[in-house]
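The values are calculated or read from the model by the stated rules, or taken from the named source; none is laboratory data. Everything numeric in this text was worked out from a predicted model, so none of it was measured. Ideal geometry is used to build each Cβ from the backbone, glycine not excepted, and the neighbour counts take in all protein chains shown.
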């Protein structure tokens, strides 16, 4: 054992105080039979800094019976429970469960509280340091539950304890619950997948095409082969939604009677419009341009995002009652103040359209990159010249260069740093490179002069210097390196910023800024690129959703903000298939550079999408709940009293991949309360182990069955060691009710209990054992 | 301990003061610390018995609480000395295999004799644990049934399969003490 600070405490209060001080880095020793093993093997995620001995705390080791039932102190030794005449007489399921734990020697030392709080028995998790451990499994902050594809003969039959936060969802600015919708895609239920998607993202057909992909780099599957192609699945779900727009974008059932104005119809505005309309508010979107869509329509080229997709998305929103008023320049045609008067709330999501100047002599000669994209997207495909210099290294520069290429020009990208420092998405940069676009790195234009119809651009060579505020190396001019290059046109694309002149002057202070959204006045809100500066579509839709929630709660006009989690789930359904990541089809380079309208990335077929969704691990820990006592306590409908709360035995055991129980780091069990069972109820605890004693349960079954006139009146059948926590076999209980407990019924009930089991590669035998034990429990037979 | 004594002073006390163990009738005051002959907070009782006090009759096999080789009797109960921190045994009365013989006459415990008479061992490594567990059982229940013996000894493992002879040996004493 490694060293630790050791404390003996005389009271629970002292122990809790210490636990609090140590912030999760101290462990309680209530008996030591589990803890000392874990310390010796170094199998805990973090070796504790302190051990707090509570074995000498007085008054917590009594078994008392009163009218309500049994009260057992948390420090009662299991040997005392086994030998207690009260427990043996009236609570035999508990006595038998206690007797099934380990050996008499261990039962002389271990306590009921310790048994309930013990750590899981997964041998990957517990792999000892003495023989090369620890194994950094999912439970210890690793990426893979080894039982998923490794040896899983002792693991769960009913799914995994899910991670509290999934890496994919955490990586996504919109926190889309990927495992949840991917599960529906692989089940072939696209309708439900779509519903789960829309909780987080109303425009998946768009993000599924242009998202720079925040989720896939976080995917735990990368530790095995390659990440799940999440964006490609998202795109299909998005297309599915747009094909059935009227189903998913239906007017709300109840109208709130309030109208909210949104300024700007880009992704932030669309997203806010969707969530506000869904909540029953009338929504009016004001758009300066001729058509709704913002950057999606006027900046992103068709080969990345077909205009048709954006238009169908706008139509879908119109279908649910969102009104778009185009050609209205808020600030000129109507003032913001007027909108604030006329509407319950105003959300300004005007984006970041103001281009930074080059700051060179002859600035006026340089054309605007955004204006060029606007024009092309509006249908004017005239090019400003054959050989065109594009200044900048961001996404707009890439869009401009690739658009020029498709229109027959020869773009040359001038960038003052190198490829590694370019802010453009890597994918865009790679595509531009493979399409043959010329790059001049470490090149800074300093002057542009018109010269007989062409443009002479004076450039200076740069070298990389010390890092600047952005962390990237600063370009430093090389003295005497000036040269002149000749182009037909010069287009600047060195970055955009929000034009905040529309907003009140106080905006710059952003007092109530929550990151990507801000409340600027009583009923004035802003969000998206306008607040953050240029970002991504998915960040904008997250901002729109957040703004919708912020507006509703700030103005008290709706229910609290939408929940981050799409659906409730107890255990996740783990899955491992060896399939390789789907190859995502792309248009060939020679084909795609011929036209603006050829989408460079293609979608996958529904069959391929299902296969890809199957690759999601649905990350979770497959270890089973370790406590035998817990299984009996659930059958007895017991409650567990802690220093903080009283919780039902079933709810006590956590279904999280990182914690075995719901106990907080500074919370302790103090007492177990067991209600008095109905008179004459048949109790049974059966446990199957590979060797007796000492070994842990392969399956255990605790049951309590009350009879009335020879028929089952009420039944509680609880399975242990088949799921991350004890589970009630509700289907079997239902099956028993009102029937005699005979062989036929017992067999049916056992089948029903395991009907939902999803065995892993090596543990299907556990289902058969569970059935046999349930049958014997019902018939009142011993385990063997 | 006095009421109101803070955790800090208690911790200090633990670091500087000693613990007292009564082992086989003899009192041991052991300082807590890292010097030779002292007990560290992370020492197990089996380590202290064997390495610090030289009482090597208590065996250490699995060191995980599964085999029973390290069994000693503490305050009347058979317990696993590998699963106890020595600092947590302050004030306890402990009996090890060395303490079973009659202190005055030097005569072996009847269980020890029976184990010899019935050759209830081959290599003998598990034997001290077997005998200590059996002693605690007979102290509590002088005339157990064979099933009770089997149950009580179910946490003591023997790789040489001496279990049959062990049961016979223990039953012979149980009948005598009856």
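Side notes on the structure shown:
- Screening the candidates A:328, A:346 for the property of being within 21 Å of residue A:498 (Cα to Cα), assigned by TED's automatic domain parsing to the domain that holds residue A:534, part of a loop (DSSP other than H, G, I, E, B) and at pLDDT 95 or above yields one hit, A:328.
- So residue B:92, is it touching a strand residue (DSSP E or B) at 6+ places or on another chain (Cβ under 7 Å), surrounded by fewer than 19 Cβ atoms within 10 Å (Cβ to Cβ) and either at pLDDT below 95 or within 14 Å of another protein chain (Cβ to nearest Cβ) (or both): yes
- Condition met for residue B:175 (modelled with pLDDT under 95, part of a helix (DSSP H, G or I) and away from chain A (no Cβ under 14 Å)): yes
- Out of A:632, A:623, sole residue that is surrounded by 19 or more Cβ atoms within 10 Å (Cβ to Cβ), in a helix (DSSP H, G or I) and in contact (Cβ under 8 Å) with a residue 12 or more places away in the chain: A:632
Yes/no matrix, rows are residues, columns are (1) within 11 Å of chain B (Cβ to nearest Cβ); (2) surrounded by 19 or more Cβ atoms within 10 Å (Cβ to Cβ); (3) in contact (Cβ under 8 Å) with a residue 60 or more places away in the chain:
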| residue | (1), (2), (3) |
| --- | --- |
| A:2 | yes, no, no |
| A:6 | yes, yes, no |
| A:45 | no, no, yes |
| A:58 | no, no, no |
| A:85 | no, no, no |
| A:93 | no, yes, yes |
| A:98 | no, yes, yes |
| A:106 | yes, yes, yes |
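- Within the range A:243-276, being touching a strand residue (DSSP E or B) at 6+ places or on another chain (Cβ under 6 Å) and buried (at least 18 other Cβ atoms within 10 Å of the Cβ) holds for A:260, A:261, A:262, A:263, A:265, A:268, A:269, A:272, A:273, A:276.
- Exactly one residue out of A:771, A:739 is part of a loop (DSSP other than H, G, I, E, B), more than 30 Å from residue A:641 (Cα to Cα), touching a helix residue (DSSP H, G or I) at 6+ places or on another chain (Cβ under 7 Å) and modelled with pLDDT of 95 or more, and it is A:739.
- Options A:455, A:478, A:541, A:484: the member that is under 29 Å from residue A:209 (Cα atoms) and touching a residue at least 12 places away in the same chain (Cβ under 8 Å): A:541
- All of (1) within 32 Å of the chain's Cα centre (by Cα); (2) surrounded by fewer than 24 Cβ atoms within 10 Å (Cβ to Cβ); (3) away from chain B (no Cβ under 14 Å) hold for residue A:124 with one exception: (2).
- Restricting A:181, A:240 to those that are more than 19 Å from the chain's Cα centre (by Cα), touching a residue at least 40 places away in the same chain (Cβ under 8 Å) and either crowded, with 24+ Cβ neighbours inside 10 Å or outside the structural domain of residue A:528 (by TED's automatic domain parsing) (or both) reduces the list to A:240.
- Unique residue being crowded, with 16+ Cβ neighbours inside 10 Å and on the phi > 0 side of the Ramachandran plot when the list is A:495, A:436: A:495
- The lone criterion from (1) surrounded by 22 or more Cβ atoms within 10 Å (Cβ to Cβ); (2) in contact with a helix residue (DSSP H, G or I) (Cβ under 7 Å, 6 or more places away or on another chain); (3) away from chain B (no Cβ under 11 Å) left unmet by residue A:63 is number (1).
- For the range A:357-390, filtered to residues that are part of a helix (DSSP H, G or I) and touching a strand residue (DSSP E or B) at 6+ places or on another chain (Cβ under 7 Å), the residue that is surrounded by the fewest Cβ atoms within 10 Å (Cβ to Cβ) is A:365.
- Candidate set from the range A:253-278 (those that are modelled with pLDDT of 95 or more and not in a helix (DSSP H, G or I)); member that is farthest from residue A:292 (Cα to Cα): A:259
- With respect to the stated conditions, residue A:393 fails to be modelled with pLDDT under 95, in a loop (DSSP other than H, G, I, E, B) and on the phi > 0 side of the Ramachandran plot.
- Residue list for the range B:151-166, filter: more than 19 Å from the chain's Cα centre (by Cα) and either closer than 21 Å to residue B:117 by Cβ or surrounded by 14 or more Cβ atoms within 10 Å (Cβ to Cβ) (or both): B:160, B:161, B:162, B:163, B:164, B:165
- Output for the range A:66-83, where each listed residue is more than 13 Å from chain B (Cβ to nearest Cβ), without any contact (Cβ under 8 Å) to a residue 40 or more places away in the chain and over 21 Å from residue A:720 (Cβ atoms): A:66
- Of all the residues in the range B:144-158, those that are over 16 Å from residue A:103 (Cβ atoms) and either within 14 Å of chain A (Cβ to nearest Cβ) or modelled with pLDDT under 95 (or both) number 1.
- Counting only strands (runs of 3 or more DSSP E) wholly contained in the range A:443-552, the ones carrying 2 or more residues that are under 23 Å from residue A:356 (Cβ atoms) occupy A:443-451, A:454-467, A:473-477, A:483-487, A:489-492, A:524-527.
- Residue among B:45, B:84 that alone is facing another protein chain (nearest Cβ under 8 Å) and either surrounded by fewer than 24 Cβ atoms within 10 Å (Cβ to Cβ) or modelled with pLDDT of 95 or more (or both): B:84
- When residue A:31 is tested against (1) surrounded by fewer than 21 Cβ atoms within 10 Å (Cβ to Cβ); (2) over 24 Å from residue A:135 (Cα atoms), just one condition goes unmet, and that condition is (1).
- Selection count, the range B:52-68, where residues are more than 10 Å from every other protein chain (Cβ to nearest Cβ) and over 9 Å from the mean Cα position of the chain (by Cα): 9
- Residue B:35 modelled with pLDDT under 95, more than 13 Å from chain A (Cβ to nearest Cβ) and closer than 30 Å to residue B:158 by Cβ: no
- Flag for residue B:127 being in contact (Cβ under 8 Å) with a residue 12 or more places away in the chain and away from chain A (no Cβ under 14 Å): yes
- Check on residue A:667, more than 30 Å from residue A:105 (Cβ to Cβ), more than 14 Å from every other protein chain (Cβ to nearest Cβ) and assigned to a loop (DSSP other than H, G, I, E, B): no
- Residues of the range A:28-43 that are touching a helix residue (DSSP H, G or I) at 6+ places or on another chain (Cβ under 6 Å) and more than 9 Å from chain B (Cβ to nearest Cβ): A:30, A:42.
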